[in-house]
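Student: The structure follows.
The values are calculated or read from the model by the stated rules, or taken from the named source; none is laboratory data. Being a predicted model, the structure only gives us computed values, none of them experimental. Reconstructed Cβ throughout: ideal geometry from the backbone, glycine too, with neighbour counts over all protein chains shown. Heavy atoms of the whole protein, side chains included, go into the accessibility calculation; ligands, DNA and RNA do not. Shrake-Rupley method; radii C 1.70, N 1.55, O 1.52, S 1.80 Å.
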Amino acid sequence: MPKVIGLTGGIATGKSTVAEILTAHGFKIVDADLAARQAVEKGSEGLQQVKEVFGEAAITDEGEMDRAYIASQVFYDDALRQQLNEIIHPKVREIMAAERDAYLNEGYNVIMDIPLLYENGLEDTVDEVWLVYASESIQVDRLMARNELSIEDAKARVYSQISIDKKSRMADVVIDNLGTTLELKQNVEKMLEKKGY
């Protein structure tokens, strides 16, 4: 029986890198971030709904969602974030379910790459949860480097999610990403071997 595994972590814990390693081991990845982009792509019903809530400023001159503008609106406003989620999440779930089922029918183990798996209460939709772990201070440092954020903005993004330590206590498998990319790759491979994949 193919398995459905939820892959999660916190912002900047290294989930994308783990997804790449798992792809190389024959897993099929269903990516929530990609599905979220499709849910509000140019000309979509989702994008129209975003415009109704956030106004013209939410749409770029090219007719796409202005991600930076939306992020600046929702990171400090829970009510607005909730409204955005109510538009995007049902569409994302639909897109991801279709992709997951297609892979399962072909006999593949499927990784549901869902950054906010616990925040959105989706742990019961998968057979197991694998969490990529890095400390909050590492998350902040990586975010500042990757997205050129101030320490305040980086912390705001990290703290807008359930703490990584709490999530790691809830997960079935914790993948340590406190070191280098090579060490991360070795940690993933050891775990796969132990679980018989």
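Student: Using 7 Å Cα-to-Cβ label points, what is the residue 195/residue 3 separation (nm, one decimal)?
Tutor: Going by the 7 Å Cα→Cβ label model, 0.4 nm.
Student: So, one more: Between 21, 162, 151, which gets the highest mean-square fluctuation from a Gaussian network model of the chain, Cα cutoff 10 Å?
Tutor: Comparing 21, 162, 151 in a Gaussian network model of the chain, the most mobile one is 151.
Student: If you don't mind, there's one more thing I want to ask. For the chain, which span is the longest to avoid every loop-located (per DSSP) member of GluC sites (Glu not before Pro) having at most 13 other Cβ atoms inside 10 Å?
Tutor: The answer is 149-197.
Student: With only Lys, Arg, Asp and Glu charged, each at its Cβ (+1 for the first two, -1 for the last two), find how big the charge dipole of the stretch 13-154 is about the Cα centre; round to the nearest 20 debye.
Tutor: I would put it at about 220 debye.
Student: Given +1 on the Cβ of Lys and Arg, -1 on the Cβ of Asp and Glu, and no further charges, what dipole in debye does the stretch 103-197 carry about its Cα centre, rounded to the nearest 20?
Tutor: About 220 debye.
Student: Determine the alpha carbon to alpha carbon distance for each of 28/190; 3/155; 3/42; 28/194; 91/155 and list only those over 31 Å.
Tutor: On the way: 28/190 19 Å; 3/155 35 Å; 3/42 34 Å; 28/194 20 Å; 91/155 29 Å.
As for pairs spanning more than 31 Å Cα to Cα, those are 3/155; 3/42.
Student: Between residue 62 and residue 44, what is 0.36 nm times their sequence separation minus the Cα-Cα distance? Round to one decimal in nm.
Tutor: Using 0.36 nm per residue and subtracting the Cα-Cα distance, I get 5.1 nm.
Student: In addition: Computing the accessible area with a 1.4 Å probe over protein heavy atoms, can you report the carbon and sulfur percentage for the stretch 86-197?
Tutor: Values: 2970 of 6290 Å².
C and S fraction of accessible area: 47 percent.
Student: Can you give me the angle between helix 78-105 and the longest principal axis of the chain, using Cα atoms only, in degrees from 0 to 90, rounded to the nearest 10?
Tutor: With both axes taken from Cα atoms, the answer is about 40 degrees.
Student: Next up: Classify the stretch 43-110: rounded, prolate or oblate, from the alpha-carbon gyration tensor (a ≥ b ≥ c, eigenvalue square roots; a/c under 1.5 rounded; otherwise prolate if a/b is larger than b/c)?
Tutor: Taking the square roots of the gyration eigenvalues as a ≥ b ≥ c, the stretch 43-110 is prolate.
Student: In Å², what does the accessible area per residue of the chain work out to with a 1.4 Å probe?
Tutor: For the chain, the solvent-accessible area averages 54 Å² per residue.
Student: At 7 Å along the Cα-to-beta-carbon direction for both residue 53 and residue 79, put a label point, then send me their distance in nm to one decimal.
Tutor: Roughly 1.3 nm, to one decimal.
Student: Ordered by residue, what ³J(HN,Hα) values in Hz, to whole numbers, does the stretch 176-184 give under the Karplus form 6.51 cos²θ - 1.76 cosθ + 1.60, where θ = phi - 60° and Gly and Pro are x?
Tutor: Values per residue, Gly and Pro as x: 6, 10, 8, x, 7, 4, 4, 4, 4 Hz.
Student: Using just the helices of the chain, give the 222 nm mean residue ellipticity in deg cm²/dmol: DSSP H runs with n ≥ 4 each add -39,500 (n - 2.57), and the total is spread over all residues, rounded to 500.
Tutor: Helix-only estimate at 222 nm: -17000 deg cm²/dmol.
Student: Compute the signed sum of charges (Lys and Arg +1, Asp and Glu -1) over the other residues within less than 10 Å, Cβ to Cβ, of residue 133.
Tutor: Net charge around residue 133: -1.
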